[in-house]
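The values are calculated or read from the model by the stated rules, or taken from the named source; none is laboratory data. Just so it is clear, the structure is predicted and the values come from calculations on it, not from any experiment. A quick note on method: Cβ atoms are made from the backbone with ideal geometry, for glycine too, and the neighbour counts reach across all protein chains shown. Surface areas here come from the heavy atoms of the whole protein model, side chains and all, with no ligands, DNA or RNA. Shrake-Rupley method; radii C 1.70, N 1.55, O 1.52, S 1.80 Å.
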Amino acid sequence: MAKLIVEGGNKVKGQVDVQGAKNSALPMLSATLLTGDESVLHCCPQISDIDAAIRILRYLGCSAKMHNHTVVVDSSGMNRYDIPENLMRKMRSSVVFLGAIIARTGRAELYFPGGCELGPRPIDLHLDSLRKMGVSIDERFGCISCKVKDTLHGAKIVLPFPSVGATENIILAAVLAKGTTIIANAAREPEIIDLCDYLVRCGAEIYGAGESTIIIYGVEKLKGAVHTIIPDRIVEATLMACCAVTGGEILLKGIITSHIESIIPLFEETGCTVTIKDGNLHLVCPQRLKSFKYARTMPYPGFPTDAQAVMMSVATVAQGTTVFVENIFESRYRHVEELTRLGANIKVANKVAVVEGVDRLFGTKVSAKELRGAASLVVASLRAEGITEIEGIKFLERGYENLEVTLTELGANIRKV
Ligand code: EPZ
């Protein structure tokens, strides 16, 4: 079982080209099924979730290969509509294939390994929406089997919660459906905009991506397209956190700074200075951080739940008290007990976590339980005195491409064993 060995204390300094967004690449790989053609996706991150998605595409009969950061998918050979349990287990967010498989084949058989590291991952919003579009769905013992009754047709769908995955599945089902689909209270994440940019290039008719109301006019056919995936805003937040806890300085190159508009002010409140110039972000961090006081996770454009864990690591060594409210997932504080083992002072009551800044953290053995929690342990270990051993880095590798290599290049003392 691989683990990371980190000796804290080194400043994180230098410049980085940020990897492509995992949560944009995944739905986009699913969308390639709709074209029955060849698509080329550039700036795709080399992470295990992408490997898992490529395995699923191949199982479905597509040809899919990744060379460096470019994935070429030809979905003309698609000849299945089921995803077996072992492939579903590899990637929690395989539900993102549901809408595209149904739209292409009229059928879908997926297995759901139930809850994940963040608590239950219900898909009721996905299924209710697909039912409204003419899909009959049978759920039993973790297997979901779907069948289009007569035609997959557009519908007016009001989401009770702006679910990212449900919005994506509705879009993927709607682009080839008969008629018009309106999504009200749609998720507004940048990854939704990126997915729709790709689909429009393929010939889809989508209006309002990034807004709360999205309108899709179904078309007969889509063709393949070439697309470059947007940079990963959560990786950006993670690298900024690594820099902040070590009093370093970092230049993030070629990013879309509007995507982290809810995160930048938190770093400025800690005393870091942020300078933005032609798509680059320059962050200079003081030796002593002040607390940013309050962060509550909200759907985009609010403070992202995926950045909560890494920002908590910043708060653990900032002077003063910081209050977190996790409004998106039921249990997303599993990194708290591990941070506490490093000497952090954190109290959790349901959705609220109160962090009292401490002067020092101390290296010890910790283990990651999920992706962003793993990242928060890496951030804290860069500050902790002495050696920190981080187990469970398979979770980290789901979303971060060679994070330890990047951090080593930025001056950190971190290695994988
Ligand atoms: C996407 O997950 C991301 N994953 C998550 O990133 C991210 O945390 C989340 O959006 C919120 O931004 C991918 O894009 C692959 P949701 P998703 O549907 O689609 C509840 C990471 O670390 N809900 O917006 O699953 C759900 O339980 C991952 O990269 C229902 O109740 O998020 C959760 O509490 C983690 N019923 C909330 O909504 C449903 O049918 C947000 O879920 C669907 C969701």
Please go through segment 368-390 and give me each residue that is among the charged types (D, E, K, R) and within 21 Å of the chain's Cα centre (by Cα), ordered by number. K369, E370, R372
Return a yes/no flag: does segment 220-230 have any residue that is touching a strand residue (DSSP E or B) at 6+ places or on another chain (Cβ under 9 Å) and part of a helix (DSSP H, G or I). no
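Just give me the residues in segment 149-167 being open to solvent by 10 Å² or more (accessible area, probe 1.4 Å) and touching a Ser or Thr at 6+ places or on another chain (Cβ under 8 Å), in sequence order.
Quick first cut of segment 149-167, residues open to solvent by 10 Å² or more (accessible area, probe 1.4 Å) only: 149-156, 158, 160-165.
K149, G154, A155, K156, P162, G165 - these are the residues of segment 149-167 that are open to solvent by 10 Å² or more (accessible area, probe 1.4 Å) and touching a Ser or Thr at 6+ places or on another chain (Cβ under 8 Å).
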Please enumerate the residues belonging to segment 234-273 that are within 16 Å of the ligand (Cβ to nearest atom) and open to solvent by less than 20 Å² (accessible area, probe 1.4 Å). I234, V235, E236, A237, T238, L239, A241, I260, I263
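Looking only at strands (runs of 3 or more DSSP E) that fall completely inside segment 1-74, which ones have 1 or more residues that are open to solvent by 60 Å² or more (accessible area, probe 1.4 Å) and modelled with pLDDT of 95 or more? Break it down stepwise before answering.
Details: elements: 4-7, 13-17, 38-42, 63-67, 70-74.
Passing ranges, in order: 4-7, 13-17, 38-42, 63-67.
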Can you find, within segment 286-298, the residue that is least open to solvent (accessible area, probe 1.4 Å) among those that are more than 13 Å from I264 (Cβ to Cβ) and in a loop (DSSP other than H, G, I, E, B)? S291
First in segment 89-100 and without any contact (Cβ under 8 Å) to a residue 60 or more places away in the chain and farther than 9 Å from S30 by Cα, second anywhere and assigned to a loop (DSSP other than H, G, I, E, B) and away from the ligand (no atom under 11 Å from the Cβ), Cβ under 8 Å, 6 or more apart: R89/P113; R92/P113
Unmet criterion (only one of (1) more than 9 Å from the ligand (Cβ to nearest atom); (2) touching an Asp or Glu at 6+ places or on another chain (Cβ under 8 Å); (3) open to solvent by 10 Å² or more (accessible area, probe 1.4 Å)) for I192: (3)
Quick check on S376: is it open to solvent by 20 Å² or more (accessible area, probe 1.4 Å) and among the hydroxyl-bearing types (S, T, Y)? no
Members of segment 273-311 found to be among the acidic types (D, E) and under 26 Å from E326 (Cβ atoms), listed by number: D306
